Structures are given as structure tokens and as C-alpha cells.
1. Taking region A:24-58 as the search range and keeping residues that are touching a helix residue (DSSP H, G or I) at 6+ places or on another chain (Cβ under 7 Å) and part of a loop (DSSP other than H, G, I, E, B), which one is farthest from A:Pro116 (Cα to Cα)?
2. Return a yes/no flag: does region B:125-140 have any residue that is touching a Lys or Arg at 6+ places or on another chain (Cβ under 7 Å), at pLDDT 90 or above, farther than 30 Å from B:Val55 by Cβ and not aromatic (Phe, Trp, Tyr).
3. What residue, among those in region A:77-98 that are among the hydroxyl-bearing types (Ser, Thr, Tyr) and either within 7 Å of another protein chain (Cβ to nearest Cβ) or not in a helix (DSSP H, G or I) (or both), is farthest from A:Val135 (Cα to Cα)?
4. Please count how many residues of region B:161-194 are touching a residue at least 60 places away in the same chain (Cβ under 8 Å) and farther than 22 Å from B:Pro94 by Cα.
5. Restricting region B:143-167 to residues that are touching a strand residue (DSSP E or B) at 6+ places or on another chain (Cβ under 8 Å) and under 21 Å from B:Val228 (Cα atoms), which is surrounded by the fewest Cβ atoms within 10 Å (Cβ to Cβ)?
6. So if I check each of A:Gly196, A:Gly164, A:Gly168, A:Gly155, which one is among the small types (Gly, Ala, Ser) and under 30 Å from A:Asp84 (Cβ atoms)?
7. Looking only at region B:102-111, decide whether some residue is farther than 16 Å from B:Met177 by Cα, part of a helix (DSSP H, G or I) and among the small types (Gly, Ala, Ser).
8. Does region A:44-53 contain at least one residue that is modelled with pLDDT under 90 and surrounded by fewer than 18 Cβ atoms within 10 Å (Cβ to Cβ)?
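The values are calculated or read from the model by the stated rules, or taken from the named source; none is laboratory data. This structure is a prediction, so every number in the text was calculated from the model and none was measured. Neighbour counts run over all protein chains shown; Cβ positions are idealised from the backbone, glycine included.
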Amino acid sequence: MGIGEAFTILISSIFVYNFILSRFLGLCPYMGVSKDTSSAIGMGMAVIFVMTLASAVTWPVYRFLLAPTSANLWYRIFGGSPADYDLTRVLRTISFILVIAGLVQFVEMFIRKASPGLYRALGIYLALITTNCAVLGVAVLNIDMFFQNAQPVPGSYLKSVLQGFCSGIGFTFAMLLMSSIRERLDLADVPEALRGIPIAFIVASIMSMAFLGFAGLI
Amino acid sequence: MDSTLPILVNSGLLGTSAIVPAVIGLGGLGIAFGIVLAIASERLAVKIDPRVSEVLGVLPGINCGACGQPGCEGYAENVVAGKAPLTLCAPGGPDVAKKIAGVLGVAIEVGERLVAFCHCKGGIDSEWKYDYDGIPTCGAAALIASGPIACNYGCMGFYDCVDACKYDAFAIAPNGMPVVNAAKCVACKACVNACPRGLFEMVPISRKVHILCSNLDKGKAVKDVCQVGCIGCTRCVKKCDSGAISMKEGLAVIDYSKGEINLEAVEACPVGVIHHYGYQDPITWQPPVKEAIRAVVEQE
């Protein structure tokens, strides 16, 4: 994987295909935790960690347990032919969710120990990273982009992990933008009916229209 | 998806079930993660004293910050750790202090519940020294030439106290003065801190007699700026038999730890700055009428 490819992944994950503003995944923590910059950054860090580790762990799960290739463990143990063990459609979602849920539990324990203030600030949104479609999305996206006919393309693992990491950065970037805007919105004269979530959604949609400007960059 | 199951079923070696790799695979993953998480939960365990959650259950849980601790949870932790006294919870008052003492197993003496009270009755009839056209808050107005109203000690009427109160405990009297509703006051001291003139004091809820002035000047200096200010004549001090009223420069002040003020002291005031709230509705703000009070007293 050359520096050019790495840079492409970086730019596309953060700007062109930003998970929140271009793909519209992971809106729950985006709306829920972005009221205040410090908790937004904390949530962003947690998501970067979970996305990176999820990419790192789901890739081998897919390669060695699910994909019908000669590296498939069931083929190695039980024989037959690799095409008999095509579990990609059957077990992909549930095994990825299992991996992500385990990782999120671990992150939650770690944050509770390391920073009780951040733990209280994030509240339930930390556990909601598990069901967050952005994390499952990045795992599935890695499979779609870096596997061809169930075979990994050259440099697939590194690219997957890098994409997970950069998607997390893109997520944090969007959260940071939103929290900065929302902190100022709190002091602005917003009509009663739009205060809180409605104006946040309107702002998010305007931001995502702005991010359309990056389309075609890659 | 449609072509997958027959392929798995026809594999033969796995029997006729496609369940086996699924069960082994997911079960294995689950066990692996379970072991990792179990080890992590031991290593990353956070020890909490169970008394903290008991104390937290006893506290009002409104996170008003009057205790000076970081919210109710912070106060619960500090009280169990012994770093904070048991009596700091103002909204909870003596009841909560007794309950905390019960949880921690210590004996405690408690005082009476406190509420905020505004020591001024100047109102919207007060004269203004100059036209003020600045930021409409008491804090800003107080900074310019000792405030826009004639009395340098009194209420300026921009209602910083009312804005500070998150518990809807303020009403505005007909003369414009903010009045604290003792039933709703949670004693969070937000108004005490908000008033730049320091007009608010925490008084025991059962006390009925209060002095509604904070002007330290005497005689003509007070009369020039306010019709209803304390002129420092000391008649109330002489008539008060419990010794609760004393003079602080030109202002009579009540010491709420002494006995309640008698009616003669209330009536002795020539300007009517001492009010007896047992016989007057603070919202309608009627001036003390001696005959009316006497009539009520004689009926009792």
C-alpha cells in the first residue's frame, strides 16, 4: 500500500465520504452528544478506538471464518471444498455485531476507570455505539471495498484498519464542527419550535450540503 | 443467500446441518470475547462504597450546587469519604441531613430550614440618579457610579435574582420588588449570589418579622433617597425585648438566632420598614396598619 493509496483513504473517509455528513450513518450520537465540545471530543475518541479495533478484528473474522477461500478454518478442519463454507451472507452481520459489542463493553469499562467525568457525560450514548450503524457500516464497507470475490486485495488488512481509523477521525471531525456550532446556537435567538434537535438537524443538513462540495475530489 | 444453504447441506462431512459452523464459530467468538471482558472487568474495576448510592438516594437529586460540591453525586461521594459535612444540603434541609446521618450511622443536631429573603422595599417608586441605558442587568448597572437608583444600597429592579432562580420561587410585588415564595425556595443561594447589592439573606423559614432595608446611612441621608428606608432611629432596638435587633451603622438588623421580635418593636418603626409577615401578605404589600394588626392579635 503506497502513500498515495493511504492518502486517498484518508481524504475519502474524512471529507468525500464522511460517515455522518455524506453517508448519514451514526446520527444518534451525532445529535445526542454534540451539545458540548468536550463530550463531543470524548465520544469521538471512543468511536475512533472502536472503529479501528472493529476493523482490525472483523477483518480476520471475515477472512478466516466466513469467506469461502482456502484460508477458511472450517475448510481446514473439516475438508471438502472451500465453496461449501460460504458463510459470508449468513453470519456476517451477527458476528460483526458480536465483535463490536465486545469492544464497546471493553471501551466502556476503560472509560469508566480512566475518566469518570467523561463516562457520566457520555452516559447511554457510549453503549449505543454498539448499535451505531456507523461502526457496523465501516466494518461492512471494508469487506466490500477490500475483498474481491471473497479474496483479499493486496494490502487489504492495513487498508481496512486505516479506513476504520480515518472514518473515526471523519466522525470526530463532524462531531466537533457540530458541537462548536451548537454551543453558539444555544446563545442565539432560535424560534421556540426549532430549539434543540430541530435546529440541530437543519444545521446538519446544511453542513452536509456543504460537504457535497467535496464530491468528485477522489 | 439462496444458493448458500444447499451448498452447506451438500457438504456431507458436516452432516445435513448448516448450523454446526455457525454454532461453533459464534460460540467460540462469544467465549473468546467473554474471557477477555471478564479479565478486563477485574482489572478495570471501579470500587464504589455502597453507602454512596444510599446517600444519593436520600438526596433531592436536583444538582443545584448550593452545597458547593459537584452535584448530588459529588456531594454523596464526599460525604461518605468524610470530606464534607452532613448539613450542606440546603434544599433537603434538616430532613435530608438527618437521613444522611442515618445512612452513615452518626448522630446529628440540625437547625431549621432556610429560605432566601430580600431586604429592600424600595420598589419601582424609587428615584433614579441618572438615566441608565446600558445592559439591563443589576450586575452591570451596579458598576456605574454606584448604580442608577438614588439609594446606593437598594434594589435596582433589573431582576437578576428572578432570572437566577431555577425553581420559579419569585413573585413580583405590586411595587416592583421581587418577593421570595418560601414554599418553593430550595435555598440554592442562586439569588444570594446574583444580587450585586447583597440584599438577600438566608433566614429560618419560621421567622415572621423582617427588616426590609439594607441602607447603612442615617436620618436625612436616607430620607433624601428613599421614603421607606431605615433611618437608624433605634426605636425598634429599644422596644425589642428579645434583644434580637441591633444597629449596624445606620441600619437595624435582626439576629435570627435570638427570639422572635415582639409586636411593639414592629409598631415602633416610624417609616414602616419592619414587617410582620404573620399578618401581612408579602405579595399585596400593604403597609403595616397598626389597628389592623392589633385587631388580629386581640382575636387570638
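1. The qualifying residue farthest from A:Pro116 (Cα to Cα) is A:Leu25.
2. Taking every residue of region B:125-140 in turn, none turns out to be touching a Lys or Arg at 6+ places or on another chain (Cβ under 7 Å), at pLDDT 90 or above, farther than 30 Å from B:Val55 by Cβ and not aromatic (Phe, Trp, Tyr).
3. Only one residue fits best here, namely A:Ser81.
4. Final tally of qualifying residues: 7.
5. The qualifying residue surrounded by the fewest Cβ atoms within 10 Å (Cβ to Cβ) is B:Ala150.
6. A:Gly155
7. Yes; the residues of region B:102-111 include at least one that is farther than 16 Å from B:Met177 by Cα, part of a helix (DSSP H, G or I) and among the small types (Gly, Ala, Ser).
8. yes
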